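See structure below.
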Amino acid sequence: MKTRIYVTLKNGVLDPQGKAIHHALEGLGFSGVNDVRAGKLIELDLDDSVTTADIERMCQQLLANTVIENFRIEPVAG
Amino acid sequence: MKTAVIVFPGSNCDRDMAVALEQVTGKAPAMIWHRESELPEGVDFIALPGGFSYGDYLRCGAISARSPIIAAVKAAADRGVRVLGVCNGFQVLTEAGMLPGALMRNATMNFICRDVSLTVANNNSDFTRLYQAGEQVNFPVAHHDGNFNADVDTLDRLEGEGRVAFRYTTPINGAARDIAGILSEKRNVLGMMPHPERMIEPAHGGNDGRRLFEGVLAAL
């Protein structure tokens, strides 16, 4: 079973990396990009015995820093 | 004073810290590998050094903060043992939940490596007792992720409780309220981005960092 964890910065937290990407896009001549926020995608390959509550704990304890980041758990079909 | 330096894979200021501790205390610290689960009996002072532990994978300090030794460091801090985290060590302390907030990528997006002026915000801890409140000191910084961030309530609490130890005299990395170093509730844990251990003898360009270690030594 594969599960994807999306880790994103909370609203209001400054994202220098997103800003740098934004500037680079503008430098390439792309217009109309209002904002860029960069995050992480972590893919887990899990035994069927692993519960959603387990994954939630993995996110809370390690995968995301909940002081500054949000996470979203998304099971991958197939 | 019995001291210990925790060594993580990718620490690179562990030996600087060891030299500083030996110069000030007259005794070499125990170097403790992160896979250990116990600290030396009777340790008074634990230093988490700077560096790029685990290559800053996931987040700076995130993997190190889950090392076996950290449980022992937490237990020691709860008993009142003084713990100093410098640079990557500060990042580890926040990731371990021993200090509030988080260290984010510098707002300027640059790696900053130079001496900076700090203002001693409070001298109410063993680490800062030999400085004057409001005094300006020079310490080197060398970091890419030193932009201290916390929610407004936490920042207000830190300031209200006198737990901001050092501020950047002029902003360098975007840190909230120019915070360079903070103390735990019991004031026995200090995390800071600048490096006091690299400013302890004239050959370093100054010795402003020396009093930080001497303060702890004098308190014991």
Q. Hey, got the dipole for segment B:94-171? About the Cα centre, +1 on K and R Cβ, -1 on D and E Cβ, debye to the nearest 20?
A. 220 debye
Q. Relative to the first principal axis of the alpha-carbon coordinates of chain A, what is the inclination of helix A:16-27, with its axis defined by its Cα atoms, in degrees from 0 to 90 and to the nearest 10?
A. 50 degrees
Q. Residues in segment B:71-115 near a label at B:Arg177, defined as backbone nitrogen under 15 Å from the 7 Å Cα→Cβ point?
A. B:100-102
Q: Using only the alpha carbons of the protein assembly as shown, determine the length spanned along each of the three principal axes and report them from longest to shortest in whole angstroms.
A: 62, 48, 35
Q: In nm, give the distance between the simple-model label positions of B:Glu201 and A:Leu25, each being 7 Å from the Cα along the Cα-to-Cβ direction.
A: 5.3 nm
**Q.** For A:Leu14, net neighbour charge (Lys/Arg +1, Asp/Glu -1) across residues whose Cβ lies under 11 Å away
**A.** +3
Q) Leaving out same-chain residues fewer than 8 places away, which lysines sit with a Cα under 27 Å from that of A:Lys2? A) A:Lys10, A:Lys40
**Q.** Of B:Phe90, B:Phe111, B:Phe139, the one that fluctuates the most in a GNM where chain B has Cα springs shorter than 10 Å
**A.** B:Phe111
Q. For segment B:28-148, what class follows from the C-alpha gyration tensor (a ≥ b ≥ c being the square roots of its eigenvalues): rounded when a/c is under 1.5, otherwise prolate if a/b is larger than b/c, else oblate?
A. oblate
Q. So what does the Cα-only Debye profile of segment A:2-75 read at q = 0.21, 0.25, 0.26, 0.28 Å⁻¹, as log10 I(q)/I(0), no solvent term?
A. -0.89, -1.07, -1.12, -1.23
Q: Please give the net charge around B:Glu185, taking every other residue with its beta carbon less than 10 angstrom from that of B:Glu185, where Lys and Arg add +1 and Asp and Glu add -1.
A: +3
Q: May I ask you to sort A:Glu69, B:Glu197, B:Glu135 by Cβ crowding, counting other Cβ atoms within 10 Å and putting the fewest first?
A: B:Glu135, A:Glu69, B:Glu197
Q: Mind running the shape call on segment B:1-65? Use the C-alpha gyration tensor, a ≥ b ≥ c as the square roots of the eigenvalues: rounded below 1.5 for a/c, prolate if a/b tops b/c, oblate otherwise.
A: oblate
**Q.** From phi via Karplus (6.51, -1.76, 1.60), per-residue ³J(HN,Hα) for segment A:36-41 in Hz, x at Gly/Pro
**A.** 10, 10, 9, x, 10, 10
Q: Using the Karplus curve 6.51 cos²θ - 1.76 cosθ + 1.60 with θ = phi - 60°, work out ³J(HN,Hα) for each residue of segment B:118-123 in order, rounded to whole Hz, and write x for Gly and Pro.
A: 10, 10, 6, 7, 8, 10
Q | Cα-centred dipole magnitude for segment A:2-75, charges only on beta-carbon of K, R (+1) and D, E (-1), debye, nearest 20 | A | 280 debye
**Q.** Computed E for A:Gln17/B:Ala71 - FRET, C-beta separation, R0 30 angstrom, nearest 0.05
**A.** 0.40
Q: For segment A:55-72, take each phi angle, set θ = phi - 60°, evaluate the Karplus expression 6.51 cos²θ - 1.76 cosθ + 1.60, and give the result in whole Hz per residue in order, putting x for glycine and proline.
A: 5, 4, 5, 4, 5, 5, 8, 9, 5, 10, 9, 6, 5, 10, 10, 9, 9, 9
Q | With at most 12 other Cβ atoms within 10 Å, longest stretch of chain B clear of loop trypsin sites (Lys or Arg not before Pro) (DSSP) | A | B:80-185
Q) What 222 nm value per residue comes from the helices of chain B, counting each DSSP H run with n ≥ 4 as -39,500 (n - 2.57) and dividing by all residues, nearest 500 deg cm²/dmol? A) -6500 deg cm²/dmol
Q: Classify chain B as rounded, prolate or oblate, taking a ≥ b ≥ c as the square roots of the eigenvalues of its Cα gyration tensor: rounded when a/c is under 1.5, otherwise prolate if a/b is larger than b/c and oblate if not.
A: rounded
Q.
Residues of segment A:1-23 with backbone nitrogen within less than 15 Å of a virtual label 7 Å along the Cα-to-Cβ line of A:Val76, please, listed as ranges.
A. A:1-7
Q) Nearest 0.05, what FRET efficiency do B:Ala219 and A:Lys40 give at R0 = 41 Å with Cβ-Cβ as r? A) 0.45
Q: Just tell me which lysines come within less than 18 Å, Cα to Cα, of B:Lys74; anything on the same chain fewer than 8 places away is out.
A: B:Lys2, B:Lys186
Q.
Once you place label points 7 Å from the Cα toward the Cβ at B:Arg35 and B:Gln136, how far apart are they in nm?
A. 4.8 nm
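None of the figures in this text is laboratory data; all of them are computed from the coordinates on show. All figures in this text were calculated on a predicted structure; none of them were measured in a lab. Ideal geometry is used to build each Cβ from the backbone, glycine not excepted, and the neighbour counts take in all protein chains shown.
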